[in-house]
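To start, the structure under review is shown below, and the notes come after it.
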Amino acid sequence: APGLVPAMESADGAVRTLPSIGRLSRGPTFGRAHGRFGLSPSGRLLPPAPRSQENADPQRTAFLLRKQWTLYSVTPLYRFSDTHLRDYARLLSAFIAAEKQKGLAVEVGVELDIKVSVSSLPDMKGSDQDQAAILVQLSSRSAASSKNSEEKLIWSGWFCCVSGDDLSENVPEDFTCLPLFLANGGESYTSIVGSWFQKTFDCCFRRLAISPLNLTWMAAMWTGCKVDKTASAMELVFSVPCLPQPLNISYAIHPEDAKALWDTVQKTPGEITQEEVDVFMDCLYSHFHRHFKIHLSATKLVKVSTAIASAHCDGIIKFLQSQYLTGVLMLLTELAISQIQ
Amino acid sequence: MQRRQSSKTPKQPLQIHHKNQTDLSAWRKGGRIDPEKSVQNHQSPTNQKSDSKQDSLEQALSYFEKVQDHVSLKNNVLQKHLTTVESIALQRGLPPEGFDVLLNVALSGKLADTVNTRLLKSLVPASVIPETSVVSSVSWLCVSKCSGNIQLLFLRWLITVFDFIDHKEQLHALYGFFFSFLQDEKMCPYVCHLLYLLTRKESVKPFRIRRLLDLQAKMGMQSHLQALLSLYKLFCPELVTITLPGKMKTYFKNSEGPWKAAINAVRRRNQENSPVLQPLFLGTAQPQSRKRKWNTQLIIPASSTNKNNLEEDREKNRVDLYSTNESFPVEQLQTFSQLLQNIHHLEFPSQMGSVLTNPLLLHYMNCTKDESIYLRLYYWMGQTLQEECTWCVADNNQYEEEFKDFLETVYKTECFLQEGFSSCEEFLYKSLPLWDGFCCRSQILRLVSWIPLSSFSEMKSHLYDPLAQLFFTSSLYFKCSVLESLKELLQNWLNWHVIHLDSESDSQVHSLNTTLSGLVNVVAELIHFVGWISTVALRLENNPTFLLYFILDFYETVCDMYLRYNLPLLIMPPAGVFYPALLSMDSVSLNQLCYIMYRYRTNLVAAKENELSKTKILQFKFSSQTYQEYNQYIIAMVGCLWTSSVFQKDIHPQGLRMDDELLKKTTVQEFKTSFNIVYHPAMMGYAVLFLQQAWPDDTTFNFSLIKGKKWNWYLEYLYAQGLKGLKVFIESSINRVSQASHSKAGNVQV
């Protein structure tokens, strides 16, 4: 009924100023502020010039490269403190031992078969608000050898947040935002470590799949990156749906050709829009169609490999260039955050 | 015996016990299941079988309770009952009350050892084992009536089922008794294991350490002694100064015996059969049988104390998980009085999700203001809902039952807390566009009723649009369910508003302006939405009474918002609802409409009076349009039911006003009166019955006889038939003094 009540003031403003009033629930009012519910933004800024040269030693992150990382999103950790990393390592190693010998008490802090280290990766962040990444490593000691003998790394995982201001700005002090978790190693260890974090910091892990749409973003973004050495080919893998046998189509493009194509598509340097990504992919599709008479747009993009990184839709990533590490992580952080909120 | 058994069964063939014959709660309630309750469950031969099984278990238990000493092994009765106990134990486990009887008999030495062994081996718990039965068996152990082998077997059993004992306080009090058994060389390893499970920091005493060291000196380095010593050292490093080997492959002999596999099998079977979420008394021992990836199982975590208290222990420079903390451990929280006594030092569990299955913690949650607990719950629930949603995630459909249960739990929690979860709201917004309207229907629609009221509304695109699409394309039943849940949504909002008003008056919080106007807008939006879908649905479905009932039910809340909920808003139903109800073929709908119009009138009059008296400055006034709409409807209604002037007087643009010329073409004779309380199709049945009673001999059905005094009698007759809505409407809205002349509607003056 028009004129029934005075017009409401800015709805958004009302909520911001009166956080818990005007709602039938207590709970966060943020998250909703985006109002997108998982939709991708129509445009993204490219990460600023690679940071690695200035303030980070590529050697220190080299061990993250050329490994397959399984991606998870993690909700903010409750009462996590990076001044307690050594304690966490002790507790976690006791937890692992306890999980392995169910039912028996395990002393905290003694030498156990599996050594746990929890450390911080201070370089691995995008902005100053970001929490430094946390690395968890499990290594095994063979029972026979002495303490100083070589330890074998059996599992590693790290939490990180690169330009995750969207999330961290809105979370109270008690919570630590490290929305992206990457694991390499047996899933049984991922499960134990993840369970421990879930129990200890009341957080929630979820596999982070990458949608075909986001894979096209990666394809476009990574094509535009400069790589010094002669780069390997860009490869896109498509899977054809609704077939009795799985059929994958691999589409390899010379990186310079792809770069040339991308340069004609991209208008504003440093910024990419959804439209540009679509045009880029459409060009690739129509080229393919000209030769093979197959409409790739009717298939599902499952994997993108470039010289920068390779990503699989199941949520598996491999970093190949340390200088673009944070750039890739920034996009992944964004995806993780959108899965949390 | 056999014959008695078989003659007994046919007597109660239809008294079927639940499909949840294995439902643990049934056992807990005291074993017998209320037959009345169980009738609703479908019947099948297996149920019947299990019914008789339960009887035979009871017979066996009462037999063992009264059994005399020295019954011969070959005694048929003994053998029969023994077999019964064994087979039931292995199939579905024993109820808590069975343990007392069986332990008593097995440890008292009354029967032969082979029988005792068989009895002990069949002590598989279906749910929990009462602590009292364990305590009394320890006293049997102390008087050593049974043989050494039985003692050992009992200890092994106790170790295996330790986690199933419902309480352990009294058991802890017996620590010294167990400790004294250490001197028995055969029992020592098992007693060590048991002590290992029982030991708390306060159990570590210097004299016990000395005793253990003595034993070690006597028996040599035994792994079980070392295990206990290392635990003592762990608790009190200052008391145990000896060095112990750091790593130990196995401390204790495997004492799992025959029970472990049986317990697992019973648990698995019970979980399969029972759709209810069992309280998880063993948080870590979740069945991992399903082939799902890590962390994709729907598990509501068990309540456990938050162990992440490193800050406080910092000065000690070591992480101390075992120190008796100031705060009361949530695991021990069992009763409401405990909650009250410990509320000042209670801490929330390490995983907030566990509060869903813990009503005591929900109480506690209700009275804390800490926002972080809601945030923790928000994240956990949001992620779980998304991950488990059966229509959003591929391959999840096989877990629909599980997901339904979860949604049910969430809904119950919302009802308990009387507030909706924002994670749930977001889940609905995300998943409704993909919903088929079928999967988990009643759960989803119930959750809709708890969507939080927010003063900035995303409702239209996220709730109303997807819901409308489903609404228009689904069955009549679905439409009614949607209307029902939207009515509850409205009521929840209004209740919240009333409570909020109360708390507002206590403390002078920010000025109401923004939120109240926001609230009014959001509520108005909901009511307009329901008005719209109702209009369309009535046309689509051709005005069924069933649907009309749900629509009018919604308006029963709407018409009373001002007086009952103190909300300065009244919205009239759209013409598409009003006229179908007014011309309904069914007296129920007409009566309901009359009641609603009466309440509208009461509310509007009250509002007008408030406005005129100006006792307080009113921020809101009803627009004149609301009064106007009401008046138009009331004119139509009175014209229809009372003055037979609706075709001339109805001024509503979508109303019944019609030219006499047109009406004459219908060739209806008395078209003017055709909708008054005598001729109205919804009322004519009453008129016929009234005529039959008033003029039993007249068979011509001369309705025109109902006039004057008879008209009043007829009204009384209608009221006596239960048409209360009509009564209050006529008494309030029709000025009966000027009855002789065409009575005028007692309109609210605008």
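We did not get these values from a lab; they are worked out from the coordinates using the rules stated. Small disclaimer: the values here were computed from a predicted structure and weren't measured. Every residue, glycine as well, gets a Cβ built from its backbone with ideal geometry; the counts of neighbours run over all protein chains shown.
At-a-glance table
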quantity: Alpha-carbon centroids, segment A:269-336 and segment B:538-593: separation in whole Å; calculated: 55 Å
quantity: Rg(Cα) / (2.2 N^0.38 Å) computed for segment A:154-211, rounded to two decimals; calculated: 1.22
quantity: Set of aspartates and glutamates with alpha-carbon distance to B:K233 below 18 Å, sequence-local pairs under 8 removed; calculated: A:E107, A:E111, B:E202, B:D214, B:D320
quantity: Stokes-Einstein diffusion coefficient of segment B:567-724, Kirkwood radius over Cα pairs, 4 °C, 1.567 mPa s, in µm²/s; calculated: 74 µm²/s
quantity: C-alpha center-to-center spacing [segment A:161-184, segment B:366-389] in angstrom; calculated: 17 Å
quantity: Cα-centred dipole magnitude for segment B:522-588, charges only on beta-carbon of K, R (+1) and D, E (-1), debye, nearest 20; calculated: 100 debye
quantity: Electrostatic dipole magnitude of segment A:158-212 [Cβ: Lys, Arg +1; Asp, Glu -1; Cα centre; debye, to 20]; calculated: 360 debye
quantity: Order of A:S297, A:S191, B:S584 - criterion: other Cβ atoms within 10 Å of each residue's Cβ, fewest first; calculated: A:S297, A:S191, B:S584
quantity: Ascending count of other beta-carbon atoms within 10 Å, so fewest first, for B:H680, A:H289; calculated: A:H289, B:H680
quantity: Within 10 Å of each Cβ in B:421-433, the average number of Cβ atoms from other chains; calculated: 3
quantity: Ranked B:L691, B:L198, criterion: other C-beta atoms within 10 Å, fewest first; calculated: B:L198, B:L691
quantity: Dipole of segment B:579-702, positive direction: furthest Cα of B:L583, B:V638, B:Q625, with charges on the beta-carbon; calculated: B:Q625
quantity: Principal axis dimensions, largest first and in whole angstrom, of segment A:162-245 by Cα; calculated: 44, 38, 27
quantity: Along principal axes, Cα extents of segment B:141-247, largest first, whole Å; calculated: 38, 30, 25
quantity: Proximal aspartates and glutamates relative to B:K121, as straight alpha-carbon distance under 15 Å, when same-chain residues fewer than 8 apart are discounted; calculated: B:E86, B:D100, B:D113, B:E256
quantity: Within 10 Å of each Cβ in A:84-97, the average number of Cβ atoms from other chains; calculated: 2
quantity: Taking the convex hull of Cα positions in segment B:403-455, its mean projected area over all directions (nm²); calculated: 3.6 nm²
quantity: Intensity falloff of segment B:430-494 expressed as log10 I(q)/I(0), Debye formula with alpha-carbon point scatterers, at q = 0.13, 0.16, 0.22 Å⁻¹; calculated: -0.32, -0.49, -0.95
quantity: Span from the segment B:98-123 Cα centroid across to the segment B:202-231 one, whole angstrom; calculated: 32 Å
quantity: Reciprocal mean inverse distance between Cα atoms of segment B:56-132 - Kirkwood radius, Å; calculated: 12.2 Å
quantity: P(r) tail fraction, segment B:658-703 - alpha-carbon pairs more than 12 Å apart, %; calculated: 65 percent
quantity: Kirkwood hydrodynamic radius of segment A:259-341, Cα pairs, Å; calculated: 14.8 Å
quantity: Quarter of the Cα convex hull surface for segment A:194-341, i.e. its orientation-mean projected area (nm²); calculated: 11.1 nm²
quantity: Peptide B:366-375 - average C-beta neighbours from other chains (10 Å radius); calculated: 4
quantity: Against the rule of thumb 2.2 N^0.38 Å, how large the Cα Rg of segment B:557-628 comes out; calculated: 1.23
